[in-house]
Every structure is written in C-alpha cells, then in structure tokens.
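So the structure is just underneath, and the comments pick up after that.
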C-alpha cells in the first residue's frame with residue numbers, strides 16, 4: 001500500500017507543468033507513526049524520512065541505525081527545534097531543516113560542526129510555524145556559513161486552513177530567494193499543496209498522509225507543527 005501511494009505521489013509531481021528542469025525529491029513524513037513505518041517506507045522506495053518531534057525520532061533510533069550505510073534513509077528534522085534538543089539528536093539527524101534563529105545556529109555549530117541545514121522562511125506569520133522573516137533570510141544564511149554550517153537551501157510551510165492556491169505567491173518568493181542566494185534545495189509543498197509548490201519550483205516535498213494514510217492519534221508535543 002505504501003509503495004502504491006508513493007507511486008501516486010510521484011505521478012502527481014510528474015503531472016505538474018513546471019518551468020524548472022530539475023527532479024523533485026520526496027521526504028516521507030513518518031511523524032506520529034511507529035518505528036516500523038520507517039522500514040516499510042524504505043522498502044517502498046523512500047530514501048528520506050522527516051520527523052517533527054525529538055522524542056518521536058529518538059524512539060526510531062534503533063530502526064534507523066539498523067540499516068546498512070548504503071540503504072539508510074536520510075533523516076530530515078522538519079519540526080520547530082528547541083536548542084536544548086540538538087544534543088540528543090546529533091548523529092541521528094542528517095539535515096536540520098528548520099533553522100530560523102541565531103541561537104539555534106550557535107547550538108548546531110557547537111554540537112554538530114559542518115551540519116547540513118536549511119533555513120526556514122516564514123511567509124504566513126502564523127503562530128507556531130516558526131521561520132525567519134523573509135528580509136532576514138540572507139543574513140541568517142550568511143550567519144550559518146560563517147559558523148561553519150553547510151546551507152543547502154530554504155524550507156517553507158504554506159498557509160493553514162486556506163486554499164492551496166493561496167500559497168503560490170509565497171512559494172514563488174521563496175524560490176526566487178533560493179536562486180538569488182545560489183542555493184540548491186527549495187523544500188516546499190505537502191500533501192495538500194504539492195502541485196502549487198512543484199509549479200513554483202520546489203525541489204523537495206514533504207509528504208505524510210498521502211503516503212501513510214491518516215495519522216494516528218498522538219499526544220500533543222511541545223515542538224513542531226504539521227509539516228506533512
């Protein structure tokens with residue numbers, strides 16, 4: 001079932017008419033699902049998983065570390081990250097995708113020198129989503145580089161409870177920032193607004209429910225917001 005749904009997501013991506021000639025990768029968002037979901041996702045062809053919550057990711061450590069290096073999925077941390085959680089996740093996270101403030105840059109530089117990061121951009125102003133203001137993105141990218149972190153690109157979360165089309169202008173603006181800054185990764189788009197994001201030039205979409213189905217009930221976590 002997961003393999004079939006993954007194929008359907010790829011078909012949705014391929015059906016979008018887009019002006020950019022680049023592949024679009026899929027991060028399978030396994031948040032709130034049990035550890036065995038990671039193994040099932042990899043078996044279905046996923047090579048990157050995304051987690052929002054530190055405690056959920058830590059519960060999957062054994063499964064993730066059981067893979068041979070050649071088959072281990074890339075682990076993206078895609079939720080709002082508290083600086084005091086970084087130490088627990090070092091060695092497990094491959095890409096820190098929600099860097100949005102100087103204090104987090106300092107902590108990552110201290111605990112994970114040279115870490116691969118994305119800077120998160122706030123295009124909605126909604127509470128609980130995180131991200132730095134668009135006019136501060138270039139400064140934060142520079143701060144990351146000066147601190148020895150490797151900035152691969154930018155990440156953005158579209159508006160909540162609004163039509164997917166409402167994300168188009170914000171996505172286009174973030175795509176322009178990626179190009180202006182000479183970055184490679186433009187991570188935008190989830191299950192509901194995938195087509196809008198791909199049309200705007202996304203290189204990476206973060207998909208949960210379209211691959212795994214409805215999420216299981218889970219306790220409220222202190223970090224993160226829905227990103228898949």
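Taken together, the values in this text are just the output of simple stated rules run on the coordinates, not laboratory data. Keep in mind it's a predicted model, so treat the numbers as computed, not measured.
Values as computed for the structure displayed
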read-out: P(r) histogram, all alpha-carbon pairs of the stretch 26-68 included - 5 Å bins from 0, percent; value: 5, 25, 39, 25, 6, 0
read-out: The chain - mean residue ellipticity at 222 nm from DSSP helices (-39,500 (n - 2.57) per run, n ≥ 4, rounded to 500); value: -9500 deg cm²/dmol
read-out: Gained length - residue 36 relative to residue 165, 0.36 nm times residue gap less alpha-carbon distance; value: 43.0 nm
read-out: Average projected area [Cα convex hull, the stretch 54-180], square nanometres; value: 8.7 nm²
read-out: Length released on extending from residue 110 to residue 82, taking residue separation times 0.36 nm less the Cα-Cα span; value: 8.6 nm
read-out: Over the stretch 86-228, relative contact order from alpha-carbon pairs under 8 Å, at least 6 apart, %; value: 18 percent
read-out: Alpha-carbon centroids, the stretch 158-212 and the stretch 69-123: separation in whole Å; value: 20 Å
read-out: Ellipsoid semi-axes in whole angstrom, largest first, where each is sqrt(5λ) of the Cα gyration tensor of the chain; value: 24, 23, 16
